[in-house]
1. Among the residues of segment 125-169 satisfying the criterion of being among the hydrophobic types (A, V, I, L, M, F, W, C) and part of a strand (DSSP E or B), which is modelled with the lowest pLDDT?
2. Of ALA74, ALA53, ALA57, ALA89, which residue is closer than 25 Å to ALA164 by Cβ and open to solvent by 30 Å² or more (accessible area, probe 1.4 Å)?
3. Considering each residue of segment 120-144, count those that are of a type outside the set (Gly, Ala, Ser), under 16 Å from SER70 (Cβ atoms) and in contact with a Gly (Cβ under 9 Å, 6 or more places away or on another chain), and give that number.
4. Just checking, how many residues over segment 92-108 are within 22 Å of LEU144 (Cβ to Cβ) and either more than 22 Å from the chain's Cα centre (by Cα) or open to solvent by 40 Å² or more (accessible area, probe 1.4 Å) (or both)?
5. Within the set of pairs 6 or more residues apart or between chains, which connect a residue that is part of a helix (DSSP H, G or I) inside segment 30-41 to a residue that is of a type outside the set (S, T, N, Q) and open to solvent by less than 10 Å² (accessible area, probe 1.4 Å) with Cβ atoms less than 6 Å apart?
6. In segment 2-29, which residue that is open to solvent by less than 80 Å² (accessible area, probe 1.4 Å) and not in a helix (DSSP H, G or I) is modelled with the highest pLDDT?
7. What's the total number of residues in segment 57-73 that are at pLDDT 95 or above and part of a helix (DSSP H, G or I)?
8. Anything in segment 60-71 that is surrounded by fewer than 17 Cβ atoms within 10 Å (Cβ to Cβ) and among the charged types (D, E, K, R)? List them, or say none.
Amino acid sequence: MQERQVESILSASKAALAQGGKVDLAGLGFWKAVAAVKRHPEWRERYGGRIAAIDRAAFERGVRLRVPLSLGVAALVAGTVGGLGAVVASLFAPRPWKSLFLLGGTGTLLVATHGLTHYIVGRAFGIRFTSVFLGGKLLIEPGLKIDYESYLQVPPRRRAWMHASGAIK
């Protein structure tokens with residue numbers, strides 16, 4: 001993709017978002033332009049802010065269940081501590097509570113540590129995040145919204161580690 005195509009796609013994406021209504025960024029070629037910018041380090045600084053603004057506007061339009069980053073990370077930490085507490089409590093609880101504490105604690109740990117690990121690894125590598133949101137089919141899976149400008153400035157290998165960290169934890 002040529003630089004002028006990236007420019008055109010970003011302009012069209014911004015204009016479509018400004019008009020309101022549902023916007024298909026993929027259909028406009030936005031994500032192909034983002035992929036092209038990722039492949040050209042000299043373009044990352046030039047287009048990073050615009051890409052981040054478009055991505056953030058589309059995210060905020062499409063995701064209503066979100067909280068500020070500090071509150072969301074605090075909730076993930078609390079979930080991790082609570083899940084650990086439930087697992088430990090299962091060691092001392094009578095039946096049938098033992099099984100319920102173990103299952104509940106394990107499930108809570110899986111959900112809370114997934115996003116928390118992305119956050120810790122991402123921040124260690126220089127990736128910033130803007131908010132925590134609830135997504136998934138049942139709207140109970142917490143996710144972290146990446147600040148795309150900082151994301152583009154991080155080398156590809158580090159971005160990959162951030163993405164993989166949630167599964168590896």
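1. Step one: filter segment 125-169 for residues among the hydrophobic types (A, V, I, L, M, F, W, C), giving 125, 127, 129, 132-134, 138-140, 144, 146, 152, 154, 160-162, 164, 167-168.
If we keep only those that are part of a strand (DSSP E or B) as well, we get 129, 132-134, 144, 146.
On the way: PHE129: 97, VAL132: 95, PHE133: 93, LEU134: 89, LEU144: 94, ILE146: 95.
Looking at the filtered set, the residue picked out is LEU134.
2. On the way: ALA53 fails: closer than 25 Å to ALA164 by Cβ; ALA57 fails: closer than 25 Å to ALA164 by Cβ; ALA89 fails: closer than 25 Å to ALA164 by Cβ.
Checking each option against the conditions leaves just ALA74.
3. Taking segment 120-144 and keeping what is of a type outside the set (Gly, Ala, Ser), we get 120-121, 123, 125, 127-130, 132-134, 137-142, 144.
From what's left, under 16 Å from SER70 (Cβ atoms): 120, 123, 128-130, 132-133, 142, 144.
Now restrict to residues that are in contact with a Gly (Cβ under 9 Å, 6 or more places away or on another chain): 128-129, 132-133, 142, 144.
Final tally of qualifying residues: 6.
4. Total satisfying the criteria: 2.
5. Every condition considered, the pairs that remain are ALA33/VAL6; VAL34/ILE51; ALA36/VAL6; VAL37/TYR47.
6. GLY29
7. 5
8. Keep residues of segment 60-71 that are surrounded by fewer than 17 Cβ atoms within 10 Å (Cβ to Cβ), which gives 60-65, 67-68, 70-71.
Listed by number, the residues that qualify are GLU60, ARG61, ARG64.
The values are calculated or read from the model by the stated rules, or taken from the named source; none is laboratory data. These numbers were taken from a predicted model, which means no experiment stands behind them. Virtual Cβ from ideal backbone geometry, glycine too; neighbours counted across all protein chains shown. Just the protein is used for accessible areas: all its heavy atoms, side chains included, with ligands, DNA and RNA removed. Shrake-Rupley method; radii C 1.70, N 1.55, O 1.52, S 1.80 Å.
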